[in-house]
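Shown next, in structure tokens, is the structure this report addresses.
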Amino acid sequence: MAPPSGNPTTLSEADRAYLASLAPQAASPYHALNPLTKAAIATIATLAAFVLGGYVAPLAILTVLVIPGAVAAGVLTRLTRVAVLISVPISISVALVSVFTRAGATVLFTVGPFDATAEGVDFAGQIIVRLFVTAMALGLFGLTTEPRAFVVDLERRGLSPRVAFAAAATLETIPLMVERALAIQAAQRARGLDTEGSLAARIGGVMPLVGPVILSSLTEVEERSLALEVRAFGRPGRRDQLWTLADDGRQRLLRWALLVGFILVLVGRVAGALPALP
Amino acid sequence: MSSSWFRVLVAAVVAIVALVAGLALYGSSIGGGTANPDTGLVPGSDAFMLVLALSLLLGFIAYAAIEFAQTRRLDSIARQFDTRTIVLMPIAIAINIVLGQTVGTALKIPLYLDSIGTILVGALAGPIPGALTGLLANLIWTFVLAGTPFGSPYAWPYAIVAAEIGLLAGVFGYYGFFRSRPNTSWPKLLGGLAAAIVILLGLVVYGVIPFYKGDFVFFGSSPTEGFFNVIAYGIAVGLILGLIALAIQLFVKRDLGVAFIVVGGAICGVVSALISAPISAFVFGGVTGSGADILVAAFQQAGSSLIDAVFQQGLLQDPIDKTIEFIVAFLLLQTLSRRFTARFPQGERAVGVIEA
């Protein structure tokens, strides 16, 4: 059977306006930005922080690209807390690995066989600054963007509806899987499985939990794919979207400017035209 | 010339150009470089795997971009994904993220265990869906889950490694590495075992050993080497226990499939380590936030440079981690009903029993 060409029905302007009026009000102008714009800001800020290195450049990027957005969105305090929470564990690892074991000439102090070198402190400091900028940039994107919105917007821009489904379905699958794990854990406990107490008991309790969780999730594939297929999931072509996200020329310009700026920075750094900032 | 051949040609050219340019940028000279007499490594070869993986990815992107420009669709890629595969992908990604988050980050066990879902998709659906699942998993982990408690801003640099794992799992699945082979005849079993040992030894001698010509000795006797002895004995005991378990499976059930899985997992682990080590070193200062970071510290303390220390850590951890993940995936695939697995594009090839 040949696939139907074009969309037989399209939404009228009045329908579109009605659907748009149903969308929740954005909490701030920054929240209202197109998800691709926010993702571009986060990604370019992260990449530029790594390409430029040092302390000054990542902090400048943080000040210019991330903090104004966070202030506009009214989430600066919350964002800082989230970013610190996310970056502290890995930063501790960075500090321990680099400060005490990186070879260097200037020894600051000694703990047992480990010398803390100034070079190690410097290196760890740079990495931690970059990791913090990454956490801030991507955290701002996460705090101001409805998780499904980015996928919906990419689908409008031509991402395959099937890939979009896979990405969006992950959002629901994870909480479902956690719920299922709790149910299975309760069931195994009722059968006498020891899942608390000593480390050995906890490790011993992992397999009777993980096995059934994975297997029961996998067997659900059958039902889900049948349910999707009877709802024309396999139909080729584009879909009409009930939820469209606003975009405008200024945002498009900003995204291109960010991309071009990043490419210039990258080429400048690789060619050696841009000096390394402290 | 048909349009699909044009795409393949351009993709190949893009990949080769990217490979050459990447190696030139990194300071390697292909064929012309002189190997370091101590390590046998050509300068720049430490990033070869990463550059190769990135070039292949660029080639694939070029292919997709041309197809999109020609047809405004990605049909030849989308065709590989039937509805079942698409439904399996989010579940596989959730398995990756939930296991990776709890095992790697929360329990601080020096294993990642964040690729079991990717390996399952690769084995059941093929290399391209496997690679895409890996890539998507890490991108979703960062960008879609950003506002949820499961998100991690540090997952996306490793997307290329996850893609490689899915790709290799798909290739191994295609060649039947995940099939159970019970009751193999003794000559075949011993021959297969010998072949597996030769491959593993080759992998160790050419893939792993060149990275360990540092100032430290495993099983040394001086007191400063105490830490390395603990690690070495720990790994040795773990490997011996694992080998005993495998030998039981091999000789009691005479299941040669186990040898295939171990070889596949070890190859995947070495390749993953070679790709991910430069990423860890450049992006994260050599750490991953898991329990294995202590190894990086130890190797660095013993005199290795950061990048060498990360390779040394990765080449210890990744092959063990990936072998365990391949074995878990193998056991899960054997447990699933044949009716279920056979409906996936590659299910009949990848899973099942080859009776002698």
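Data overview
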quantity: Residues (at pLDDT 90 or above and of a type in the set (Val, Ile, Thr)) located in the range A:1-56; calculated: A:Thr37, A:Ile41, A:Thr43, A:Ile44, A:Thr46, A:Val56
quantity: Breaking point among (1) at pLDDT 70 or above; (2) farther than 15 Å from B:Ile128 by Cα; (3) buried (at least 16 other Cβ atoms within 10 Å of the Cβ), for B:Tyr26; calculated: (1)
quantity: Output for the range A:128-160, where each listed residue is more than 7 Å from chain B (Cβ to nearest Cβ), in contact with a helix residue (DSSP H, G or I) (Cβ under 6 Å, 6 or more places away or on another chain) and either more than 29 Å from A:Pro89 (Cβ to Cβ) or among the acidic types (Asp, Glu) (or both); calculated: A:Asp153, A:Glu155
quantity: From A:Arg255, A:Arg269, residue being surrounded by 13 or more Cβ atoms within 10 Å (Cβ to Cβ), within 17 Å of A:Ala60 (Cα to Cα), modelled with pLDDT of 80 or more and out of contact with any strand residue (DSSP E or B) (no Cβ under 6 Å at 6 or more places or on another chain); calculated: A:Arg269
quantity: Hits in the range B:153-184 - residues which are in contact (Cβ under 8 Å) with a residue 24 or more places away in the chain, outside any helix (DSSP H, G or I) and within 26 Å of A:Glu146 (Cα to Cα); calculated: B:Tyr154
quantity: Members of the range B:30-77 found to be of a type in the set (S, T, N, Q) and modelled with pLDDT under 60, listed by number; calculated: B:Thr34, B:Asn36, B:Thr39
quantity: Subset of the range B:338-356 (residues that are modelled with pLDDT under 85 and among the acidic types (Asp, Glu)); calculated: B:Glu355
quantity: Answer residue from the range B:286-300, given it is crowded, with 21+ Cβ neighbours inside 10 Å and of a type outside the set (Gly, Ala, Ser) and is farthest from A:Asp115 (Cα to Cα) among those; calculated: B:Thr288
quantity: Some residue of the range A:110-132 being within 30 Å of A:Thr173 (Cβ to Cβ), surrounded by 24 or more Cβ atoms within 10 Å (Cβ to Cβ) and either at pLDDT below 85 or not basic (Lys, Arg) (or both); calculated: yes
quantity: Flag if A:Ile92 is buried (at least 16 other Cβ atoms within 10 Å of the Cβ) and assigned to a helix (DSSP H, G or I); calculated: no
quantity: Which listed residue is surrounded by fewer than 16 Cβ atoms within 10 Å (Cβ to Cβ) and modelled with pLDDT under 85, from B:Leu243, B:Leu203, B:Leu193, B:Leu250; calculated: B:Leu243
quantity: Filtered residue count, the range A:110-136, keeping only those that are free of Cβ contacts under 8 Å to residues at least 24 places away in the same chain and either outside the structural domain of A:Ala60 (by TED's automatic domain parsing) or in contact with a Phe, Trp or Tyr (Cβ under 6 Å, 6 or more places away or on another chain) (or both); calculated: 2
quantity: Failed item, numbered, when A:Glu229 is tested on (1) in contact with an Asp or Glu (Cβ under 9 Å, 6 or more places away or on another chain); (2) surrounded by 13 or more Cβ atoms within 10 Å (Cβ to Cβ); (3) not aromatic (Phe, Trp, Tyr); calculated: (1)
quantity: Residue check for B:Ile275: in contact with a helix residue (DSSP H, G or I) (Cβ under 8 Å, 6 or more places away or on another chain), more than 8 Å from chain A (Cβ to nearest Cβ), buried (at least 21 other Cβ atoms within 10 Å of the Cβ) and more than 22 Å from A:Val129 (Cα to Cα); calculated: yes
quantity: Among the residues listed as A:Val71, A:Val107, the single one being exposed (fewer than 14 other Cβ atoms within 10 Å of the Cβ), under 24 Å from B:Ile307 (Cα atoms) and free of Cβ contacts under 8 Å to residues at least 24 places away in the same chain; calculated: A:Val107
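Quick grid of which residues meet (1) part of a loop (DSSP other than H, G, I, E, B); (2) modelled with pLDDT of 85 or more:
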residue	(1), (2)
A:Gly142	no, yes
A:Val151	no, yes
A:Phe165	no, yes
A:Thr170	no, yes
A:Thr173	no, yes
A:Arg189	no, no
A:Asp194	yes, no
A:Ala201	no, no
A:Pro212	no, yes
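The values are calculated or read from the model by the stated rules, or taken from the named source; none is laboratory data. Just so it is clear, the structure is predicted and the values come from calculations on it, not from any experiment. Quick reminder, even Gly has a Cβ in these numbers, built from the backbone with ideal geometry, and neighbours come from all protein chains shown.
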